[in-house]
Amino acid sequence: MPVWVRDYSWRQTDTAVFLSLPMRGVRVTQANIFCTDQYLKVNVPPFLFEAILYAPIDDTSSTAKIRNETIFFTLYKKEVAMWESLVMENGDKEKMQRIRENAIIKAQEKADEEEKSKAVTKREHNKYALEATMKLEETERKRIENLKEEERKKVTEELERWKEKQRNEEKQRRIQREEEIRRERKLIEEKKKQEINKAKTLNAGTSKTRSISTRACSSENIFSGKLKEESFPAPRSAGTIKISFTSRVFPTALRESRVAEEEEWLHKQAEARRAMNANFSELKDLNEEEKNPDWLKDKGNKMFATGNYLAAVNAYNLAILLNNKIPVLYLNRAACHLKLRNLHKTIEDSSKALELLIPPVSDNADARVKAYVRRGTAFCQLELYAEGLQDYEAALKIDPTNKTLEQDAEKIEHMIHGTAQDS
């Protein structure tokens, strides 16, 4: 049987009623209190307090405070008046029961209305969040399109400047060729004039020696004819010249020689030269200085530092066309794709860099850590948390003292457990 609380105290004003209800030795919470406009109930086993109020109150603005095992109620009256008592007296049981039932029904209706109101508010919040997300995505899409357009304009302007430079150079070469042709013609004309003057001089000398006898002239003519015949040497005989090349020898002692590595280096150099001389349409517009993977890599790094990720990707693309065996090119291009949220391309470039970073040694440890972290980040942004966690753990094996990697791996584990619980 419950213990009815009778030792309560109350006082009132024209607008409010102040009720003090002691609950000794028990712990009271808000869940133990039930109140409507004319019904008040407190159930804290073994104590029970129930009151059908003398007049209606405003249950929305009324309050209850729990302090020192006592509940202090502040009940605001709906009508300004003084009550004769706190509870309704001389009421029959049926009326009391109807008041209790109506109080429960009203409380249930109020709870349903609050639930519906919360649902409507939640829908409105979700709608607002969706609209805000769509606006952000639209803004980001426009920003990326503007960047692409600016990059296209920039490349077009550079191409036009290069074409203008080529036209000017071609014009200068044409003018130089014309000038050389004019000089050659002038030289030929001068030679012709000299030959004509020489012929005139010879004719003048011949006319002076016509008085010499015919025999002397004939003997002279025969002698000069022999000289002319003897002035032409016989043609050279044909032959074949054989050339043999000695094998390349590195100035390295035999005990320190690394012939296999040296041959591999020569092979890579030959491949790089062939790539530089290949007829790639993207490389036709580059000058000799720009046909250098290191120069293009530095150019891409500068573009990345300024936030121009599309231009950096273009520079790394050209460098890879020239030499596709340099892992740092794929590693840097993966960073650019990660900034541009090209997540699948980030995974491809990071995987290619890891393939080239073989064998795993201490010199390439930092590069391998970066490749694993960038690929793991791309996996996590694609919500492939298990694959991302594997890459972060692989990076931690290489650099176990890196606290940032350890914290990121723990976050991914929490996200995996949270996803599993939601499912």
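The values are calculated or read from the model by the stated rules, or taken from the named source; none is laboratory data. Everything numeric here is computed off the predicted structure, so don't read it as measured data. Quick reminder, even Gly has a Cβ in these numbers, built from the backbone with ideal geometry, and neighbours come from all protein chains shown. Only protein heavy atoms, including side chains, enter the accessible area calculation; ligands, DNA and RNA are left aside. Shrake-Rupley method; radii C 1.70, N 1.55, O 1.52, S 1.80 Å.
Listed by first and then second residue, the pairs with beta-carbon distance under 9 Å, at least 6 apart or on different chains, first residue in region 286-311 and without any contact (Cβ under 8 Å) to a residue 24 or more places away in the chain, second of a type in the set (S, T, N, Q) and open to solvent by less than 50 Å² (accessible area, probe 1.4 Å), are K302/N308. If you take the residues in region 13-47 that are touching a Phe, Trp or Tyr at 6+ places or on another chain (Cβ under 6 Å) and open to solvent by 20 Å² or more (accessible area, probe 1.4 Å), which one is modelled with the lowest pLDDT? Out of the qualifying residues, it is K41. Summed over region 142-167, residues that are among the charged types (D, E, K, R) and touching a residue at least 24 places away in the same chain (Cβ under 8 Å) total 3.
One residue is enough: does region 58-67 have a residue meeting the conditions assigned to a helix (DSSP H, G or I) and closer than 23 Å to P2 by Cβ? No, region 58-67 has no match at all. One residue stands out in region 356-394 among those that are among the hydrophobic types (A, V, I, L, M, F, W, C) and more than 20 Å from the chain's Cα centre (by Cα): the one that is farthest from R333 (Cα to Cα), namely A386. For the residues E94, E79, the requirement of being in a helix (DSSP H, G or I) and either under 12 Å from T36 (Cβ atoms) or of a type in the set (D, E, K, R) (or both) singles out E94. Out of A367, A319, A394, report the one residue that is buried (at least 22 other Cβ atoms within 10 Å of the Cβ), in contact with a helix residue (DSSP H, G or I) (Cβ under 8 Å, 6 or more places away or on another chain) and in a helix (DSSP H, G or I). After ruling out the rest, the residue left standing is A319. So is L147 modelled with pLDDT of 90 or more and either over 19 Å from the mean Cα position of the chain (by Cα) or of a type in the set (V, I, T) (or both) or not? No, not satisfied. Within region 342-361, residues that are under 12 Å from R374 (Cα atoms) and free of Cβ contacts under 8 Å to residues at least 40 places away in the same chain reach partners that are open to solvent by 30 Å² or more (accessible area, probe 1.4 Å) and polar (S, T, N, Q) with beta carbons closer than 6 Å, at six or more positions or on different chains, in the pairs L343/Q381.
L384 falls short of the stated requirement of being surrounded by fewer than 17 Cβ atoms within 10 Å (Cβ to Cβ), under 20 Å from G307 (Cα atoms) and of a type outside the set (K, R).
Once region 92-144 is narrowed to residues that are within 29 Å of N308 (Cα to Cα) and either modelled with pLDDT under 85 or aliphatic (A, V, I, L, M) (or both), the residue that is surrounded by the most Cβ atoms within 10 Å (Cβ to Cβ) is I144. Considering (1) within 22 Å of A107 (Cβ to Cβ); (2) surrounded by fewer than 18 Cβ atoms within 10 Å (Cβ to Cβ), the lone condition that E89 does not fulfil carries the number (1).
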